[in-house]
Amino acid sequence: MNRGVTILLSVVAIIGFIAYLLYASLGDRYRVEACVEFKGERQCKTARAKTHAEALRTAVSNACAELTSGMTNVLACEQSSPISVRDLR
């Protein structure tokens with residue numbers, strides 16, 4: 001391939017990647033902050049997703065990842081109900 005075609009393909013690939021990132025981030029309609037308490041410690045995390053339930057689950061999972069170590073504790077933490085949930089816009 002000549003140099004012009006290579007440059008053109010690179011520009012098209014970069015524009016496509018940027019368009020995908022914009023599409024993926026704009027598709028997340030819900031933003032939720034969930035606060036979790038586990039073994040006396042508290043952590044709040046924010047997450048975005050296409051559904052409210054998915055955003056809540058991700059926020060709880062992220063908060064539990066900060067609070068715990070080991071798979072057993074992570075699972076126990078994720079099964080508990082968040083102490084607070086706040087919908088963000």
Subject >> Rounded to the nearest 20 debye, dipole of the stretch 30-88 from Cβ charges on Lys, Arg, Asp, Glu >> reply: 160
Subject >> Whole-number Å³ per residue for the convex hull built on Cα positions in the stretch 30-88 >> reply: 62
Original post:
So how much slack lies between ARG86 and SER61, counting 0.36 nm per residue of separation and subtracting their Cα-Cα distance, in nm?
Top reply: 7.5 nm
Original post:
TYR20 to SER69: extension gain in nm, 0.36 nm per residue of separation minus the Cα-Cα distance?
Top reply: 14.2 nm
Subject >> Unit charges at the beta carbon, dipole of the chain: most positive-side option, ASN2, ASN73, ALA63 >> reply: ASN2
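No lab work stands behind these numbers, since they all come straight from the coordinates. The structure displayed is predicted, hence computed values, not measured ones. Virtual Cβ from ideal backbone geometry, glycine too; neighbours counted across all protein chains shown.
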